[in-house]
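K.L.:
Dropping a structure here in structure tokens format, bear with me for questions.
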Amino acid sequence: MTRDVAPRHGQLKPALVESVFFPALQGSKGKMSASDPNSAIFVTDTPKAIAKKVNKYAFSGGRATVEEHRRLGGCLETDVSYQWLRFFLEDDAELARLGAAYASGEMLSGEMKAALIACLTEVVQRHQSARAAVTDEVLERFMRPRAPPVGGLWRQTSS
């Protein structure tokens, strides 16, 4: 669709559009769905609900036993908590540290889930605070029709 719309706005067609999706809580074989409230974290979830969903439903890349996990390490490719942290954790150094600790067996699945819970709780609470601050005036200003961009710049409209 981007390749179709770009020329209409005076832009070049992109050569490549890459999309990466993160998995449902149950893993890459499942899908997120509003009809299954346990398949995703919603922006309306409470911190308690986030913790419950992640702890109960997030597919783990850990091993069958703690001893085996400590010896072989966790699988980052299948661990949903790590996959989600790749999207939501803003500190790349911390993500690398968590990944290395988990893959080496130093960190267990529960600890990786705890890191995701802390990260998601912060993101969701930030969103909920911002959403609560939206007034009718802010909404009206945002929804006001504006002129389309010309040459990549927005034309000013009178208020």
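The values are calculated or read from the model by the stated rules, or taken from the named source; none is laboratory data. Quantities reported herein were computed from a predicted structural model and do not represent experimental measurements. Note that we place each Cβ from the backbone using ideal geometry, even for glycine, and neighbour counts take in every protein chain shown.
K.L.:
If I go through segment 77-93 residue by residue, how many of them are of a type outside the set (A, V, I, L, M, F, W, C) and farther than 18 Å from residue 60 by Cβ?
P.N.:
Total meeting the criteria: 3.
K.L.:
Hey, another quick one. Restricting attention to segment 3-46, and to residues there that are surrounded by 10 or more Cβ atoms within 10 Å (Cβ to Cβ) and part of a helix (DSSP H, G or I), which single residue is modelled with the lowest pLDDT?
P.N.:
Taking the candidates together, the pick is 3.
K.L.:
Still on this model: Determine whether residue 110 is at pLDDT 95 or above, within 27 Å of residue 40 (Cβ to Cβ) and over 20 Å from the mean Cα position of the chain (by Cα).
P.N.:
So residue 110 fails the test.
K.L.:
Looking at the structure I just gave you, is residue 64 exposed (fewer than 11 other Cβ atoms within 10 Å of the Cβ), among the small types (Gly, Ala, Ser) and outside any helix (DSSP H, G or I)?
P.N.:
In short, yes.
K.L.:
Which condition number in (1) surrounded by 15 or more Cβ atoms within 10 Å (Cβ to Cβ); (2) part of a helix (DSSP H, G or I); (3) without any contact (Cβ under 8 Å) to a residue 40 or more places away in the chain is the one that residue 71 fails?
P.N.:
(1)
K.L.:
Now a separate question. Within segment 120-145, which residues are loosely packed, with under 10 Cβ neighbours inside 10 Å, assigned to a loop (DSSP other than H, G, I, E, B) and not polar (S, T, N, Q)?
P.N.:
Scanning segment 120-145 gives 133, 144, 145.
Residues are listed down the side, and each one gets a yes or a no for (1) under 15 Å from residue 22 (Cβ atoms); (2) among the small types (Gly, Ala, Ser); (3) assigned to a helix (DSSP H, G or I); (4) touching a residue at least 12 places away in the same chain (Cβ under 8 Å):
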position: 77; (1), (2), (3), (4): yes, no, no, yes
position: 81; (1), (2), (3), (4): yes, yes, yes, yes
position: 100; (1), (2), (3), (4): no, yes, yes, no
position: 115; (1), (2), (3), (4): no, yes, yes, yes
